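Here is the structure we will look at.
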Amino acid sequence: MSWSDGVDLVAVTAPGLPMPNVIVHFARMVHTPVGSAPAGMIFIPDAANPAQPRVMGFVSTNAAVGAYFGPRIFAGTPFENAPVLLGAIDITLSLAQKKATVRISVADLVIESTLSNLGELQLADRPAGNLPFGEHAIEARATAAQVTVNGQPLAFILPPTGMSGGPAAAYSATGFYAR
């Protein structure tokens, strides 16, 4: 599976959580053996119970592309059986301003994640480890991020590293996952 223009964020809403409970991981275009479409994965916590999702799953404009991820890429993880949600995905880049934004409209929610203070693009080569796939990408780490849900800011802590061992917030110009 490969992608272009990825906007990726993993975070926690409270210190000491064992796993990120904020995931906004999307690309302008994802290429899979079953087709190509804008796609990604999301976990936005419920405000009353941060361990439970307000929305969670694979979002795409193409159901077949969305359904590819769980059993093929994320098998063996909590996302293996995540639902597929049809939604709109819009990515805006402003590399001159060192900023990348993804806006996802799914169900009755509009989620916007903006990464800023992007660093220089660098080659990343991560073997499988915490996640069951290797990752090869050209990415720029973000040192600041914000997320809004229906226009309301979501408070979170940006950890020093993400689940893959790379940055918790990054713009990825291109890359691929391999199992």
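Among strands (runs of 3 or more DSSP E) entirely within the stretch 65-179, having at least 3 residues that are in contact (Cβ under 8 Å) with a residue 60 or more places away in the chain and hydrophobic (A, V, I, L, M, F, W, C) singles out 84-94, 99-106, 109-118, 134-149, 169-178. Tallying residues that are of a type outside the set (A, V, I, L, M, F, W, C), touching a strand residue (DSSP E or B) at 6+ places or on another chain (Cβ under 7 Å) and under 15 Å from H25 (Cβ atoms) within the stretch 115-140 yields 3. Taken over the stretch 102-120, the criterion of being of a type in the set (D, E) and under 15 Å from A173 (Cα atoms) is satisfied by E120 alone. Total residues in the stretch 31-53 satisfying the condition of being surrounded by fewer than 20 Cβ atoms within 10 Å (Cβ to Cβ) and touching a Pro at 6+ places or on another chain (Cβ under 6 Å): the figure is 0. Selection of the stretch 3-15 for residues being surrounded by fewer than 18 Cβ atoms within 10 Å (Cβ to Cβ) and closer than 19 Å to P53 by Cβ yields T13, A14. Residues satisfying the criterion are absent from the stretch 10-24 (criterion: at positive phi and assigned to a strand (DSSP E or B)).
Yes/no per residue for (1) touching a strand residue (DSSP E or B) at 6+ places or on another chain (Cβ under 7 Å); (2) touching a residue at least 40 places away in the same chain (Cβ under 8 Å):
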position	(1), (2)
D8	yes, yes
V12	yes, yes
G16	no, no
I23	yes, no
A37	yes, no
P45	yes, no
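Scanning the stretch 71-91 for residues that are under 15 Å from G40 (Cβ atoms) and either at pLDDT 95 or above or in contact with a helix residue (DSSP H, G or I) (Cβ under 8 Å, 6 or more places away or on another chain) (or both) yields F79, A82, P83, V84, L85, L86, G87, A88, I89, D90, I91.
Residue-by-condition table, conditions (1) at pLDDT below 95; (2) over 14 Å from the mean Cα position of the chain (by Cα); (3) of a type in the set (A, V, I, L, M); (4) surrounded by 19 or more Cβ atoms within 10 Å (Cβ to Cβ):
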{"site": "V59", "(1), (2), (3), (4)": "no, no, yes, yes"}
{"site": "Y68", "(1), (2), (3), (4)": "no, yes, no, yes"}
{"site": "L93", "(1), (2), (3), (4)": "no, yes, yes, no"}
{"site": "A128", "(1), (2), (3), (4)": "yes, yes, yes, no"}
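On inspection, S105 does not qualify as touching a helix residue (DSSP H, G or I) at 6+ places or on another chain (Cβ under 9 Å) and surrounded by fewer than 19 Cβ atoms within 10 Å (Cβ to Cβ).
The values are calculated or read from the model by the stated rules, or taken from the named source; none is laboratory data. This one's a predicted model, so the numbers in the text were calculated from it and none came from an experiment. In this analysis, Cβ positions are derived from the backbone assuming ideal geometry, glycine residues included, and neighbour counts consider all displayed protein chains.
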